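Have a look at the structure below before the remarks.
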Amino acid sequence: MLNRELMSPKSIVVVGGSQSTTTPGGKILQNILSAGFAGDLLVVNPKAAGEKIQGVQVYVHVNDIPGAELAIIAIAAKFVKESVAILAEKKGARAFIILSAGFSEMGEEGRQLEREIVAIVNSVGGALIGPNCIGILTPTYAGIFAGPIPKLNSKGCDFVSGSGATAAFMIERGISMGLSFASLFSVGNGAQIGVEDVIKAWDEQFNLETSSKVKLIYMENVQRPEMLLKHASSLVRKGCKIAAVKSGQSEIGERAASSHTGALANSEVAVDALLRKAGIVRCSGREELLTTAAVFCDEMVNKLHIANTNKDSSKTNLAIITHAGGPGVMLADALASGGIGVPMIKGERAQALLSQLFPGSTVQNPIDFLATGTPEQLEKIIDFIESNQDQETSDIHGMVIIFGHTGMAEVKPVYELIHRKMSECKKPIWVVMPSVTTGAADIEHFKSLGRIYFEDEVVLGRILSSVVNTPKPASASALASVETITASGGRESGVNVEKIRHIMQGQDVQELIKNGDYLPPRTLQALLDAAGITRVGEEVVTSVPAALSVFTKFTSGRGEKASCVMKVVGPIHKTEVGGVVLDVQSPQEIQQHFTRLMGIEGAMGVLMQPMLKGIELFLGAKREGHFGHTILCGLGGILVEVLKDVASGLAPLDKSEALQMIKSLKGYKIIQGVRGKAGANEELFADLMVKLSFLVSIAPEIMEIDLNPLVGTPSEIAAVDARVRVCLNSKSGEKHHE
């Protein structure tokens, strides 16, 4: 949708352009002129007949212009549709930027007007940015009316935003940090071109030699998650780095986002899972997003040893070099809490370095060379960390230097030294310059050398941790795994596609789907078996003799302490009505508990299972609107509700994603096994997660599924209890395809 007329027009008409630069139409005209647009520029303003505005020829009505490829419209919403129709149908316009507000963000009437305008643009194969936006910035023209106009750099950041003000504020702050930009897209309401369309264009037009490799995103909703996932993950695999803010996480934020753009809020669990699957670093605000961009823009970050759970590698370790103890300690805390190591440095070479510093210095890490430290001492420290001669520094993968204005000596020589070392060293260097007032001139000099600096060491530490801990994007083959399994019938995956669809299309299940009801035990068992999900043996009984027979069957040959579990069939929340009995060891107990369970209101039978002992695990899935299903895992039983230690991923999963989810749990050490207690087989757990993700992808009628608990041992994992609710896909539940 991002056509040539939008990106590089030969002629532009500003409808609503004015002499006053305090209006959007006047300001955007000024910016286009100041940036040196080389094509034909026209203005439409009925109040300036026969005049020139800012030196540009003025026309009274859009009917009067000779023609234009791009129309930038800054007039009242009620007049926009007529102008768009004339420009598209009579004047050859094939690209439109509508700055005006008063459309879908105002309600249904505005939404309908927006749809009608999109239909006109689509009828001529045109591109539309907005409405309710500040415009776009490309190498050809400065088509924005708010914020400073940065000098574009093809190696800078590409930025797309759903909020114009956010874009303007971020450009201003980014410039002050030393960031550069390659392009800006403020999509506003995204009536035709949304955030996802821009990401798609970035991917399809990506050139390894000439395109920016840093992409920034601000969005208040995700309209087309499949498009975002496909193209963002593709960009990351091509060598790009992407950071995003998805706002509207709280109930109040959701309400504000909805009123801002007229869009529905998204499930945060699904959004988190989507961004992780795409390999996108998620940030919470403007400062974090820009700090992440600054880390990304240092090409040396590519050499940082990234330790994430998608591959076998050691921990990422950094050295902290400072002349101020407190900031070094705070940075060490921030890095440690994010899983980045700050290893102690000791040994003969470390002692030799210490002997060259002033008394009172320390080299243990953080390396504190005091406020009186010299540039020469700093250079020795950097060279020491850069060296890989021995164990003392070989496992350190980068360094952070904190250096502010002490008032006792000039810092300009220090900053020039750091600039030189950033070019010479193979290990990446990030520099924190906290003296933004007293050292302002020196910081400006550092920026003039093409460098980026950071103001706050804790923010930097958190961002470095986020970068390190963001997993690799899902592979293209993993994203297509459901289609592959479906085509093969699931033979290689252990998932029986034909059987799953046969069960879901059965008349009894179709009735349950219509009513949004739960599957009965026998159907549920058949579904899990078809998906290859291991479960304990179980049978439903409706009489005491049958219960005694099953008890004998399940305990025979399993030793003296063999026992059964009895669960009431009927009530959904069995434990809350006393409907679960564990460790039933004798025929007398079977008879006693059967009678009591059948006396519970709504009881239709008793489900019996052999009693398994091991670690209780949880596995589940939930359909999240047009995102599809999120897969959830954690420790099981009541722990999943009490601890809420749950990891999420977007279906379908591959095994590496599943393992990463397991390892991200706070209770992961329990799964590994602690204090002599055997753990659970995480490879088998990951296999079950993958199979569950295939099941819900093949059977989208599943609204939610809980396998809780599963019992895990070092040799097996089996589902003990399960429930599945099925329902028709509502409009919000339908997946949107590209």
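The values are calculated or read from the model by the stated rules, or taken from the named source; none is laboratory data. Bear in mind that the values here come from a model prediction, so they are computed numbers and not experimental data. Ideal geometry is used to build each Cβ from the backbone, glycine not excepted, and the neighbour counts take in all protein chains shown.
Remarks
- Any hit, region 645-664, residues being of a type outside the set (S, T, N, Q) and on the phi > 0 side of the Ramachandran plot: no
- Unmet requirement for ALA409, which otherwise passes all of (1) in a loop (DSSP other than H, G, I, E, B); (2) buried (at least 17 other Cβ atoms within 10 Å of the Cβ): (2)
- Consider region 83-110 and keep the residues that are touching a helix residue (DSSP H, G or I) at 6+ places or on another chain (Cβ under 8 Å) and acidic (Asp, Glu). The one that is nearest to LEU137 (Cα to Cα) is GLU105.
- Scanning region 345-356 for residues that are in a loop (DSSP other than H, G, I, E, B) and free of Cβ contacts under 8 Å to residues at least 12 places away in the same chain yields one hit, SER355.
- Test: residue in region 20-39 that is in contact with a helix residue (DSSP H, G or I) (Cβ under 6 Å, 6 or more places away or on another chain) and within 19 Å of SER100 (Cα to Cα): yes
- Test: residue in region 76-96 that is under 18 Å from GLY164 (Cα atoms), touching a residue at least 40 places away in the same chain (Cβ under 8 Å) and of a type in the set (Val, Ile, Thr): no
- Entry remark, region 439-472: residues being in a helix (DSSP H, G or I), within 21 Å of HIS323 (Cβ to Cβ) and under 24 Å from the mean Cα position of the chain (by Cα) number 6 in total.
- Selection status of LEU229, of a type in the set (A, V, I, L, M), farther than 24 Å from ILE134 by Cα, at pLDDT 95 or above and assigned by TED's automatic domain parsing to the domain that holds ILE117: yes
- Exactly one residue among ILE117, ILE149 is more than 30 Å from the chain's Cα centre (by Cα) and of a type in the set (A, V, I, L, M), and that residue is ILE117.
- The residue of region 1-32 that is nearest to the chain's Cα centre (by Cα), among those that are farther than 20 Å from ILE75 by Cα and either outside any loop (DSSP other than H, G, I, E, B) or free of Cβ contacts under 8 Å to residues at least 24 places away in the same chain (or both), is MET7.
- Across region 35-54, the number of residues qualifying as at pLDDT 95 or above and either part of a helix (DSSP H, G or I) or of a type in the set (Phe, Trp, Tyr) (or both) comes to 1.
- Set GLU701, GLU716: member being closer than 18 Å to LEU617 by Cβ and surrounded by fewer than 23 Cβ atoms within 10 Å (Cβ to Cβ): GLU716
- Test: SER586 is at pLDDT below 95, of a type in the set (Ser, Thr, Tyr) and under 30 Å from LEU479 (Cβ atoms): no
- Residue check for LYS213: among the basic types (Lys, Arg) and more than 25 Å from ALA651 (Cα to Cα): yes
- Verdict on GLU204 being assigned by TED's automatic domain parsing to the domain that holds LYS91, over 21 Å from the mean Cα position of the chain (by Cα) and free of Cβ contacts under 8 Å to residues at least 40 places away in the same chain: no
- SER104 over 17 Å from PRO9 (Cα atoms) and under 39 Å from the mean Cα position of the chain (by Cα): yes
- Selection over region 172-187 of residues that are crowded, with 22+ Cβ neighbours inside 10 Å, at pLDDT 95 or above and not aromatic (Phe, Trp, Tyr) gives a count of 4.
- Residue under evaluation TRP430, criteria (1) touching an Asp or Glu at 6+ places or on another chain (Cβ under 9 Å); (2) free of Cβ contacts under 8 Å to residues at least 60 places away in the same chain, criterion not met: (2)
- All helices (runs of 4 or more DSSP H) inside region 626-708 with 2 or more residues being farther than 26 Å from ALA480 by Cα and among the aliphatic types (A, V, I, L, M): 639-642, 668-672
- Among the numbered conditions (1) of a type outside the set (Asp, Glu); (2) over 22 Å from LEU87 (Cβ atoms); (3) assigned to a loop (DSSP other than H, G, I, E, B), the only one that GLY174 does not meet is (3).
- When the criteria are applied in full, ASN31 fails the requirement of being of a type in the set (S, T, N, Q), modelled with pLDDT of 95 or more, within 19 Å of ALA93 (Cβ to Cβ) and in the same structural domain as CYS133 (by TED's automatic domain parsing).
- Positions within region 338-392 being of a type in the set (Val, Ile, Thr), in contact with a strand residue (DSSP E or B) (Cβ under 9 Å, 6 or more places away or on another chain) and crowded, with 21+ Cβ neighbours inside 10 Å, in sequence order: ILE340, VAL342, ILE345, ILE367, ILE381, ILE382, ILE385
- Boolean, GLY262 is modelled with pLDDT under 85, on the phi > 0 side of the Ramachandran plot and in the same structural domain as VAL195 (by TED's automatic domain parsing): yes
- If the condition is being touching a helix residue (DSSP H, G or I) at 6+ places or on another chain (Cβ under 7 Å), touching a residue at least 60 places away in the same chain (Cβ under 8 Å) and at negative phi, then region 167-193 contributes PHE169, MET170, ARG173, GLY174, MET177, LEU179, ASN189, ALA191, GLN192.
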